[in-house]
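For reference, the structure is listed below as structure tokens.
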Amino acid sequence: MALIERETKTGRGARGQWWDVTRIPIHFAVIGLILLIMPLLAGDFVLRQIVSYALILGTIALSLMFLAGYGNMVSLVQMTIAGVAAYMTAIFGTSAVDTISLGWPWWLAVPVAIFVAVLFGTLSGALAVRTEGIYTIMITLAIAAAMFYLVRQNYTLFNGFSGMNQVRAPVFWGIDWSSPAPFYYVTLVVSVLSYFAVVYMARTPFGLALQGVRDNPRRMAALGFNVTMHRIAAYAFASLIAGIAGVLLVWLNGQVSPGTIGVGPAIDILIIAVVGGLAHPIGPFLGAILYVLLRTFAIDVLIALGLGGERFQLLIGLGFLVVVFFSSDGLLGIWKRFRERARRDPVTGERRDG
């Protein structure tokens, strides 16, 4: 409670320092500049299948990071929420399965799809928040598995095993937003806004209360906070982020199928978040970049080594294992350790100022 009052009075995060661009570290500014001019540096394949894909997966993993990092709720249903948004975009919008798709304009289909995804995620959270630890993981995993089998076996609404294809990003303002460069900028804007939304939310009274619930739910309840409602609200916010990313995912792939929301992809999102680091919202994006790079080039590396391309999952697993082995906080922990070592005097070992 004291933490909440102190942060609110000082105005940290949301006020005062929020728009102070002079506080942005130089390496962040360089990364931002590179991201802005990325279409000039990379080809269509890199732009779409690596960078845009990593940003989308990072945004989905960001929703999981918000729940796990600030609320101590490890959810395996975030990829399913994104998949629900993807399916609803195809169902309410246009696709090759015109017997199912309703053909609504994108500006109506997309908000409705995101709303359905948020509703699904909130209801899933309402079931999961009454448990803790491994039981929360199991409940969300069960929801993800149940949704996978539902869409796989339902041909009337979800077209079963084949899924929905030819789902394209819209054309408006005279721009085809499914083209690599325009789609990249849409993805970049969504991921940046999602990142800052999480940073902002973590510093609001709600976010601070959620962190208090994470650290000591009994004390927060004794202080008058509704622990259950705070957790459900956190699921709703995380579902909004995952739902928006799900719309981008179906536009990127041009299709959505049961494989999109299977148990495997759900666990992949957890791995991305953990490997990147749950201590800060930038972590999921770091983990997503590593995941996409390994997923894209692991087969080529194995073939070059004469080991065959069928073992690419092994190489991906080894890459993640190495990261977690050297740092319990993933890539973020490795970066922090490197910065701490760089700040220490090589002779005395004492920390240098600045």
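How many residues does the range 30-71 hold that are closer than 17 Å to Val190 by Cα and either part of a loop (DSSP other than H, G, I, E, B) or among the charged types (D, E, K, R) (or both)?
Within the range 30-71, residues that are closer than 17 Å to Val190 by Cα and either part of a loop (DSSP other than H, G, I, E, B) or among the charged types (D, E, K, R) (or both) number 2.
Which residue pairs have Cβ atoms closer than 7 Å, lie 6 or more positions apart in sequence or on different chains, and pair a first residue in the range 192-212 that is within 15 Å of Gly69 (Cβ to Cβ) and of a type in the set (Phe, Trp, Tyr) with a second residue that is at pLDDT 95 or above and outside any helix (DSSP H, G or I)?
Close Cβ pairs satisfying both conditions: none exist.
Taking the condition of being of a type in the set (Gly, Ala, Ser) and surrounded by 20 or more Cβ atoms within 10 Å (Cβ to Cβ), how many residues in the range 146-186 meet it?
Final tally of qualifying residues: 2.
Pull up the range 281-292, narrow it to residues that are touching a residue at least 60 places away in the same chain (Cβ under 8 Å) and surrounded by fewer than 22 Cβ atoms within 10 Å (Cβ to Cβ), then point me to the one that is nearest to Gly93 (Cα to Cα).
Only one residue fits best here, namely Val292.
Taking the range 149-176 as the search range and keeping residues that are of a type in the set (Val, Ile, Thr) and closer than 15 Å to Ala86 by Cβ, which one is modelled with the lowest pLDDT?
Of everything passing the filter in the range 149-176, Val167 is modelled with the lowest pLDDT.
I'm trying to understand the selection: among the residues of the range 207-257, which are part of a loop (DSSP other than H, G, I, E, B) and farther than 25 Å from Val190 by Cβ?
Asn216, Leu223, Gly224, Phe225, Asn226
Take Tyr87 and decide whether it is among the aromatic types (Phe, Trp, Tyr), in contact (Cβ under 8 Å) with a residue 12 or more places away in the chain, farther than 10 Å from Gly246 by Cβ and not in a loop (DSSP other than H, G, I, E, B).
Judged against the criteria, Tyr87 is not a match.
Select from the range 162-197 the residues that are assigned to a helix (DSSP H, G or I) and either small (Gly, Ala, Ser) or more than 27 Å from Val46 (Cα to Cα) (or both) and list them in ascending order.
Ser162, Ala181, Ser191, Ser194, Ala197
If you check Ile114, Ile137, which single one turns out to be assigned to a helix (DSSP H, G or I) and under 18 Å from Val263 (Cβ atoms)?
Among Ile114, Ile137, only Ile137 is assigned to a helix (DSSP H, G or I) and under 18 Å from Val263 (Cβ atoms).
Across the range 55-102, which residue is surrounded by the fewest Cβ atoms within 10 Å (Cβ to Cβ) among those that are closer than 26 Å to Gly277 by Cβ and hydroxyl-bearing (Ser, Thr, Tyr)? Steps first, answer last, please.
Let us first name the residues in the range 55-102 that are closer than 26 Å to Gly277 by Cβ, namely 55-83, 85.
This time we only want the ones that are hydroxyl-bearing (Ser, Thr, Tyr), so: 59, 63, 70, 75, 80.
Values: Thr59: 28, Ser63: 32, Tyr70: 21, Ser75: 35, Thr80: 32.
Restricting to residues being closer than 26 Å to Gly277 by Cβ and hydroxyl-bearing (Ser, Thr, Tyr), the top hit is Tyr70.
The values are calculated or read from the model by the stated rules, or taken from the named source; none is laboratory data. Model, not experiment: these values are computed from the prediction. Methodologically, a virtual Cβ is constructed for each residue, glycine included, from the backbone with ideal geometry; neighbour enumeration extends over all protein chains shown.
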